[in-house]
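The values are calculated or read from the model by the stated rules, or taken from the named source; none is laboratory data. None of the values given here were measured: they were computed from a predicted structure. A quick note on method: Cβ atoms are made from the backbone with ideal geometry, for glycine too, and the neighbour counts reach across all protein chains shown.
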Amino acid sequence: MEIKNSSFLRKEDLARRTGLRLASCLAGILAIVTLFLPFSSFVFDGSVIRMTGMQLLVSNIRLSADLLIVIPVGLRICMILSFAAVGAGLVLLGMKKFLFAGTAFFGAVIFAVVEFTFIAGVTQTASRAGVSSADGGMLYGWTLFFLLALTSAILSVSVLGLEKSAEMIFKISALISIGAVVIITIYMFVYGSPAIVQIGLGKFLFGTQWKPTAADPQFGILYMILASLFGCIGAIAIGVPIGLMTSVFLAEIAPKWVRSIVRPSVELLAGIPSVIYGFWGMKVLVPFIRTTFTKLGYSTTGSGLLAVILILSIMILPTIVSVAETALKSVPSSYTEASLALGNTKISTIFAVQIPAARSGILAGVILGVGRAIGETMAVIMVAGNIVQLPTLFSSVRPMTAGIAFEMGYAENGLHRQALFGIGLVLFVFIMLVNITFTFISKRGVQMNAK
């Protein structure tokens, strides 16, 4: 009886796997068929142009005898790769390589999402060519391809069973994170680099004049870079020591009743919207700086680099405190006990043993804090003064984030708007370099502790 039941279960499992495999193949085939459906729609000066996937691959848009809109090469490459990935997935299904087939189908989904990055390039090309109003978007052909490719990926992985499917879901989740970084990186380089190339890397990075709307436009962002850099360094110089000492207090020194008050207060800082920080800085911090330092003989409006540093140092505190406290609590108690047994005091043990042992976790908190300090926009706009000039402690400044947000609303299509994307690219690269540097330092710290 048990043998019959086992045989029945095997046949049932085989039927299930066969059904899932056929369904995945069908969804993949239908995904390829969507190439002949309306894929994208463009509106140029009120005229609507619908294009199938095949037309996007082989054709351009002729608006008039002397106006040809060229479809971006990146869009065509992504479309070719997405459909090729579906084809590869179908072949792998035929070879019963279900895990690789699911990966191929999921790759097709990623390439389909990246296509969105290049659609805006068509409208920007049209605007530069003289079209007064241009817009574009995806139609149901693209939507069907996305859904069918995703369905094929899910079904092909489901053939492997629950355990393998769960394992694949974990891998796909990791790939989504990587894919998001890749998509953002591609987007920033595609739309940020043309302006830098046209202006010149040296003039763009080291130029001191930012006059995008002048008769002779100037696009130098050195002062914006310095404002962001000085603001970040100042926030770190103030926020990191305070945050580290607060985390030490919460993890090792504070009584339970004090901890129950201080920790929720610090966590509340993380939940306050940045615009509220900006309001507080504009109404309280800026007048305080103006009144105090004017009495000391400095000429300042209160809005400027000092206000930016102070507001950012407060905003990064919750991140640093939370991560550093967790890192300190994760230090093995044997380290502390051994240090105390050797005659060290509690305070010397904290600074000589626990903080060095938690170095990598503390650096992780600093990295996250730096990321927020560099990328903060709304609060910075409200207290910086927004004047592009050489940053000094009491002068009005315009960091890179403020420059993008401040001008994007009125920047016309053309070099001005592209230059703002260029600032975004510089900011993106700067953040990446900071993260890589801190990660390298953190790994070195872990290796030294291991030795």
Where a residue in segment 54-69 is in contact (Cβ under 8 Å) with a residue 12 or more places away in the chain and among the β-branched types (Val, Ile, Thr) and its partner, wherever it lies, is surrounded by 14 or more Cβ atoms within 10 Å (Cβ to Cβ) and not in a strand (DSSP E or B), with Cβ under 7 Å and at least six apart: Ile69/Val122; Ile69/Thr125; Ile69/Ala126; Ile69/Ala129
Extreme residue, nearest to Ala31 (Cα to Cα), among residues of segment 173-190 that are surrounded by 18 or more Cβ atoms within 10 Å (Cβ to Cβ) and modelled with pLDDT under 80: Gly179
Report, ordered by the first and then the second residue, all pairs with beta carbons closer than 8 Å, sequence separation of six or more or different chains, a first member in segment 207-221 that is without any contact (Cβ under 8 Å) to a residue 12 or more places away in the chain, and a second member that is buried (at least 17 other Cβ atoms within 10 Å of the Cβ) and in a strand (DSSP E or B). Gln218/Trp210
Subset of segment 175-223 (residues that are of a type in the set (Ser, Thr, Tyr) and more than 26 Å from the chain's Cα centre (by Cα)): Thr208, Thr213
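Okay, residues lined up against (1) outside the structural domain of Thr377 (by TED's automatic domain parsing); (2) β-branched (Val, Ile, Thr); (3) outside any loop (DSSP other than H, G, I, E, B); (4) touching a helix residue (DSSP H, G or I) at 6+ places or on another chain (Cβ under 9 Å):
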position: Phe421; (1), (2), (3), (4): no, no, yes, yes
position: Val426; (1), (2), (3), (4): no, yes, yes, yes
position: Ile436; (1), (2), (3), (4): no, yes, yes, no
position: Phe440; (1), (2), (3), (4): no, no, yes, no
Quick check on my filter: what residues within segment 12-59 are in contact with a strand residue (DSSP E or B) (Cβ under 6 Å, 6 or more places away or on another chain), small (Gly, Ala, Ser) and crowded, with 19+ Cβ neighbours inside 10 Å? Ser40, Gly53
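For Ala352, indicate whether it is of a type in the set (A, V, I, L, M, F, W, C) and within 15 Å of Ser228 (Cα to Cα).
Spelling it out, it is not the case that Ala352 is of a type in the set (A, V, I, L, M, F, W, C) and within 15 Å of Ser228 (Cα to Cα).
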Which members of segment 186-234 meet the condition of being in a loop (DSSP other than H, G, I, E, B) and not polar (S, T, N, Q)? Gly200, Gly207, Pro212, Ala214, Ala215, Asp216, Pro217, Gly220, Ile221
Restricting attention to segment 34-52, the residues that are of a type outside the set (Ser, Thr, Tyr) and under 15 Å from Phe145 (Cβ atoms) number exactly 6
Which of the residues belonging to segment 390-415 are under 13 Å from Phe204 (Cβ atoms) and surrounded by fewer than 19 Cβ atoms within 10 Å (Cβ to Cβ)? Leu415
Only one residue in Ala101, Ala15 is within 30 Å of Ile178 (Cα to Cα) and either free of Cβ contacts under 8 Å to residues at least 12 places away in the same chain or not charged (D, E, K, R) (or both). Which one? Ala101
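More than 30 Å from Ala65 (Cα to Cα), over 26 Å from the mean Cα position of the chain (by Cα), assigned to a helix (DSSP H, G or I) and not aliphatic (A, V, I, L, M) - does that describe any residue in segment 153-162?
Just the residues of segment 153-162 that are more than 30 Å from Ala65 (Cα to Cα), to begin with: 153-162.
Pick out the ones that are also over 26 Å from the mean Cα position of the chain (by Cα) and you get 154-162.
Add one more test, that the residue is assigned to a helix (DSSP H, G or I), and what stays is 154-158, 162.
Applying the additional criterion that residues be not aliphatic (A, V, I, L, M) yields 156, 158.
Yes: one or more hits.
Could you identify the single residue in Phe145, Phe219 that is modelled with pLDDT of 85 or more and farther than 21 Å from Val109 by Cα? It would help to see each step written out before you state the result.
Values: Phe145 fails: farther than 21 Å from Val109 by Cα.
Phe219 is the lone residue from the list that is modelled with pLDDT of 85 or more and farther than 21 Å from Val109 by Cα.
Looking at this structure, is Ala237 touching a strand residue (DSSP E or B) at 6+ places or on another chain (Cβ under 6 Å), hydrophobic (A, V, I, L, M, F, W, C), assigned to a helix (DSSP H, G or I) and closer than 27 Å to Thr392 by Cβ?
When the stated conditions are applied, Ala237 does not pass them.
Condition check ((1) aliphatic (A, V, I, L, M); (2) in contact with a Gly (Cβ under 7 Å, 6 or more places away or on another chain); (3) buried (at least 17 other Cβ atoms within 10 Å of the Cβ)) across all residues:
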{"position": "Ser64", "(1), (2), (3)": "no, no, no"}
{"position": "Ala88", "(1), (2), (3)": "yes, no, yes"}
{"position": "Phe98", "(1), (2), (3)": "no, no, yes"}
{"position": "Thr103", "(1), (2), (3)": "no, no, yes"}
{"position": "Val114", "(1), (2), (3)": "yes, no, yes"}
{"position": "Gly136", "(1), (2), (3)": "no, no, yes"}
{"position": "Leu139", "(1), (2), (3)": "yes, no, no"}
{"position": "Thr143", "(1), (2), (3)": "no, no, no"}
Select from segment 400-434 the residues that are under 20 Å from Thr185 (Cα atoms) and small (Gly, Ala, Ser) and write down the one among them that is nearest to the chain's Cα centre (by Cα). Gly424
